[in-house]
Amino acid sequence: MYSNEDYLTQLLVEAGQLTPEQVDEVRMKLGDDQIIRHFLETGEITETTIAEVSAANVGTHVVDLKSGYIAPAFSSYLSLADCRRFKAVPFADDGSYVSVALADVLNLDAQDAIPLVMKRECQFYAAPSKAIEEAWHQVFGDEVGAADADELVVVGDAPSSGADAPVIKLVSGILVEAFKMGASDIHIEPLETSLRIRNRLDGKLIEVANHPKKLLPAVIARLKVMSGSMSIAEKRIPQDGRIQVKMGGKEVDLRVSSVPSNHGESIVMRILDKSALTLGLPQLGFLSDDEAVFSKLLKLPDGIILVTGPTGSGKTTTLYACLNEINKPDKKIITVEDPVEYELAGINQVMVRTDIGMTFAAALRSMLRQAPNIIMVGEIRDGETANIAINASLTGHLVFSTLHTNDAPSSVARLSDMGIKKFLIASAVRAVLAQRLVRKLCDKCKQPATLSEKELRMLNVDPSQIADANIMGPVGCENCRNTGYRGRAGIFEIFLVDDEVRHLINQDLSSPQLRRRARELGMRTLREDGIRKVLVGMTSASEVIGVTMADAD
């Protein structure tokens with residue numbers, strides 16, 4: 001929110017607006033980057049207070065933007081995009097200097113960049129953030145409202161020259177289109193004679209544009225500059241970076257990966273939408289009975305809860321939803337991830353760095369010295385990590401993690417293959433959730449449908465079972481880009497480890513035998529859960545059949 005929150009917090013304490021005890025308490029609960037936001041939300045400080053304290057520190061004044069009229073002519077001094085980027089507004093010109101109000105007058109980068117962009121000498125003043133946003137309406141009029149949906153602001157982006165404008169506009173257009181679609185990935189792919197842009201929507205790649213191949217170097221360079229950490233000169237080796245953007249007031253992170261290919265560098269950007277952090281269990285696709293079972297698991301004091309499935313099956317989203325559900329001030333939660341995709345307020349997150357020896361196992365071993373209540377391990381990949389996680393769960397910690405297995409009962413064999421003894425698995429594991437993602441039918445255009453004889457046979461459903469069902473099928477409309485589907489939901493297989501299952505694990509049953517006995521004890525398979533979601537009109541039979549081909553028994 002502000003360029004140097006630690007320094008601003010210190011200034012507020014020195015000015016007597018906050019006490020060190022208040023700051024330390026919030027820092028322990030929410031972390032360093034949430035302190036100012038917290039006190040603004042509680043009303044213990046105001047934006048006016050921040051403006052006054054900041055202005056005093058840099059030797060300027062707080063300007064009252066509401067006291068006078070700001071002419072629309074100032075829109076030619078600084079574009080709306082730049083005003084948003086710098087949280088600024090020009091409001092006066094005496095011929096020698098342009099007066100500019102800043103919401104963050106401590107931001108020296110903005111004070112360096114704005115004169116370069118305007119090609120004028122400037123004098124800077126402080127103003128509350130809300131007053132600056134209201135001043136934009138005076139200067140830019142209806143453009144402010146129209147831009148809210150489409151305006152893309154790159155956090156920390158350097159000012160650009162006019163010569164760069166066409167490629168900046170092109171790249172912004174690519175990103176805006178992906179955000180509007182609700183895409184999860186953007187693929188920028190050099191072909192022999194063209195530059196292809198594809199977006200992944202609900203798991204399917206859709207070609208959205210084709211550009212001349214000559215644009216490739218400029219597009220790649222622009223994206224690397226936006227990341228702030230990728231080398232423009234280096235084109236021979238893979239690189240990774242991260243881009244933070246704001247669109248319509250919404251913060252979105254992009255994880256960027258570049259790989260050299262035979263026709264030039266290819267870039268894939270994973271869109272990390274922070275709204276996913278607020279998802280609850282119903283939004284993941286749990287029906288009420290499974291939601292009740294899983295909610296009960298989240299209240300356990302110790303043990304391991306595993307989420308399994310292939311890459312792209314939504315495991316990480318489910319783990320974050322679990323942490324979101326149990327993230328309370330009286331719980332200390334630590335995660336170790338590779339990489340840290342989302343920043344979670346109030347949770348200590350550790351990123352794996354294998355190049356310096358910070359492996360999952362090393363990080364997990366260190367985490368245990370921090371006395372956490374709850375631990376999340378991004379993935380159990382080896383026996384050392386598995387062993388530490390098992391021991392942590394047996395010594396009073398609730399542990400969440402993921403495994404790569406096709407179904408839930410197979411996780412027992414997977415852990416055993418890593419060297420974990422069966423009696424330890426039986427003692428530590430509380431439940432395993434296997435999951436897949438299916439596309440949800442578009443609410444705007446789905447229509448009643450019937451199941452064909454082939455679908456009934458493949459789903460093993462008797463016609464008498466669907467007499468009262470609400471079966472729907474895809475149609476296609478503008479809302480879903482004529483696909484018939486919009487959004488995705490999970491289908492789940494919950495393998496509960498109760499006393500009887502512990503006994504079965506200790507008997508050293510094979511995975512097929514354990515799966516058979518689990519089904520006899522009431523476990524629903526992925527396909528059976530998918531069938532339930534077909535019968536309530538959430539998805540289609542073809543989606544469930546396609547996603548659960550391995551579950552056809």
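The values are calculated or read from the model by the stated rules, or taken from the named source; none is laboratory data. Computed from a predicted model, the values in this text were never measured in an experiment. Neighbour counts are summed over all protein chains in view; Cβ atoms, including those assigned to glycine, are modelled from backbone coordinates with ideal geometry. Each accessible area value is taken on the protein alone, full model and side chains, heavy atoms only, with ligands, DNA and RNA left out. Shrake-Rupley method; radii C 1.70, N 1.55, O 1.52, S 1.80 Å.
Could you please give the count of residues in the stretch 112-130 that are open to solvent by 70 Å² or more (accessible area, probe 1.4 Å) and among the small types (Gly, Ala, Ser)?
Total meeting the criteria: 0.
Being of a type outside the set (Gly, Ala, Ser), open to solvent by 10 Å² or more (accessible area, probe 1.4 Å) and at pLDDT below 95 narrows it down to one of Thr385, Thr405, so name that one.
None of the other options fit; the residue is Thr405.
Within the group Ile390, Ile420, which residue is part of a loop (DSSP other than H, G, I, E, B) and either open to solvent by less than 70 Å² (accessible area, probe 1.4 Å) or closer than 26 Å to Lys296 by Cβ (or both)?
Ile420
I'm trying to understand the selection: among the residues of the stretch 188-208, which are in contact with a strand residue (DSSP E or B) (Cβ under 7 Å, 6 or more places away or on another chain), closer than 14 Å to Tyr485 by Cα and open to solvent by 50 Å² or more (accessible area, probe 1.4 Å)?
Arg200, Leu205
Can you tell me how many residues in the stretch 307-339 are out of contact with any strand residue (DSSP E or B) (no Cβ under 9 Å at 6 or more places or on another chain), surrounded by 15 or more Cβ atoms within 10 Å (Cβ to Cβ) and over 24 Å from Arg200 (Cα atoms)?
Looking only at that region, the number is 2.
If you check Arg481 against the conditions, is it at positive phi and touching a residue at least 12 places away in the same chain (Cβ under 8 Å)?
Considered against the rule, which asks whether it is at positive phi and touching a residue at least 12 places away in the same chain (Cβ under 8 Å), Arg481 comes out as yes.
For the structure I just gave you, tell me whether Pro329 is more than 28 Å from Ser257 (Cβ to Cβ), within 25 Å of the chain's Cα centre (by Cα), part of a loop (DSSP other than H, G, I, E, B) and modelled with pLDDT under 90.
yes
I'm trying to understand the selection: among the residues of the stretch 543-553, which are crowded, with 19+ Cβ neighbours inside 10 Å and part of a helix (DSSP H, G or I)?
Glu543, Val544, Ile545, Val547, Asp551
Only one residue in Leu254, Leu272, Leu319 is of a type in the set (A, V, I, L, M) and not in a strand (DSSP E or B), so which one is that?
Leu319
Scanning for something without any contact (Cβ under 8 Å) to a residue 40 or more places away in the chain and closer than 24 Å to Gly312 by Cα, does the stretch 229-239 turn up at least one residue?
Within the stretch 229-239, one or more residues are without any contact (Cβ under 8 Å) to a residue 40 or more places away in the chain and closer than 24 Å to Gly312 by Cα.
Can you tell me how many residues in the stretch 280-311 are among the basic types (Lys, Arg) and in contact with a Pro (Cβ under 7 Å, 6 or more places away or on another chain)?
Within the stretch 280-311, residues that are among the basic types (Lys, Arg) and in contact with a Pro (Cβ under 7 Å, 6 or more places away or on another chain) number 0.
Quickly run through the stretch 281-306 and pick out the residues that are open to solvent by less than 50 Å² (accessible area, probe 1.4 Å) and hydroxyl-bearing (Ser, Thr, Tyr).
If the condition is that a residue be open to solvent by less than 50 Å² (accessible area, probe 1.4 Å) and hydroxyl-bearing (Ser, Thr, Tyr), then Ser295 is the only one that fits.
Could you identify the single residue in Pro339, Pro310 that is touching a residue at least 40 places away in the same chain (Cβ under 8 Å) and more than 20 Å from Val432 (Cα to Cα)?
None of the other options fit; the residue is Pro339.
Out of (1) at pLDDT below 90; (2) touching an Asp or Glu at 6+ places or on another chain (Cβ under 7 Å); (3) under 20 Å from Glu47 (Cβ atoms); (4) not basic (Lys, Arg), the odd one out for Glu133 is which?
(2)
Could you grab me the full set of residues in the stretch 340-350 that are more than 19 Å from Ala371 (Cα to Cα), open to solvent by 30 Å² or more (accessible area, probe 1.4 Å) and modelled with pLDDT of 80 or more?
none
Quick check: is even one residue across the stretch 77-96 within 20 Å of Lys246 (Cβ to Cβ), part of a helix (DSSP H, G or I) and of a type in the set (A, V, I, L, M)?
yes
Of all residues in the stretch 35-76, count the ones that are of a type in the set (Gly, Ala, Ser), within 30 Å of Arg120 (Cβ to Cβ) and not in a helix (DSSP H, G or I).
Here the count works out to 3.
Which of the residues that make up the stretch 138-178 are in contact with a strand residue (DSSP E or B) (Cβ under 7 Å, 6 or more places away or on another chain), at pLDDT 85 or above and either open to solvent by less than 40 Å² (accessible area, probe 1.4 Å) or within 12 Å of Asp82 (Cα to Cα) (or both)?
Val139, Ser172, Ile174, Leu175, Val176, Ala178 - these are the residues of the stretch 138-178 that are in contact with a strand residue (DSSP E or B) (Cβ under 7 Å, 6 or more places away or on another chain), at pLDDT 85 or above and either open to solvent by less than 40 Å² (accessible area, probe 1.4 Å) or within 12 Å of Asp82 (Cα to Cα) (or both).
How do the pairs read when you match residues in the stretch 524-537 that are under 14 Å from Glu455 (Cβ atoms) with residues anywhere that are in a loop (DSSP other than H, G, I, E, B) and not polar (S, T, N, Q), using Cβ under 6 Å and keeping only pairs 6 or more apart or on different chains?
Pairs found: Leu535/Ala469.
If Thr46 passes every condition in (1) closer than 30 Å to Gln349 by Cβ; (2) open to solvent by 40 Å² or more (accessible area, probe 1.4 Å) but one, which one does it miss?
(1)
May I ask you to list the residues in the stretch 511-542 that are of a type outside the set (A, V, I, L, M) and open to solvent by less than 20 Å² (accessible area, probe 1.4 Å)?
Passing the criteria: Thr525, Arg527, Asp529, Gly530, Lys533, Gly537, Thr539, Ser540.
Restricting to the stretch 423-437, and then to whatever is open to solvent by less than 10 Å² (accessible area, probe 1.4 Å) and assigned to a strand (DSSP E or B), can you tell me which residue is nearest to Ala361 (Cα to Cα)?
Restricting to residues being open to solvent by less than 10 Å² (accessible area, probe 1.4 Å) and assigned to a strand (DSSP E or B), the top hit is Val429.
Just need a number here: residues in the stretch 196-212 that are in contact (Cβ under 8 Å) with a residue 24 or more places away in the chain and either of a type in the set (A, V, I, L, M) or closer than 17 Å to Glu265 by Cα (or both).
Start the filter on the stretch 196-212 by keeping residues that are in contact (Cβ under 8 Å) with a residue 24 or more places away in the chain, which leaves 201-204, 206, 208-209, 211.
Applying the additional criterion that residues be either of a type in the set (A, V, I, L, M) or closer than 17 Å to Glu265 by Cα (or both) yields 201, 206, 208-209, 211.
So the count comes out to 5.
Within the stretch 388-406, which residues are closer than 16 Å to Ala426 by Cα and of a type in the set (Val, Ile, Thr)?
Ile388, Ile390, Thr395, Val399
Mind checking whether some residue in the stretch 14-34 is in contact (Cβ under 8 Å) with a residue 12 or more places away in the chain, part of a helix (DSSP H, G or I) and closer than 30 Å to Asp94 by Cα?
The answer is no; no qualifying residue exists.
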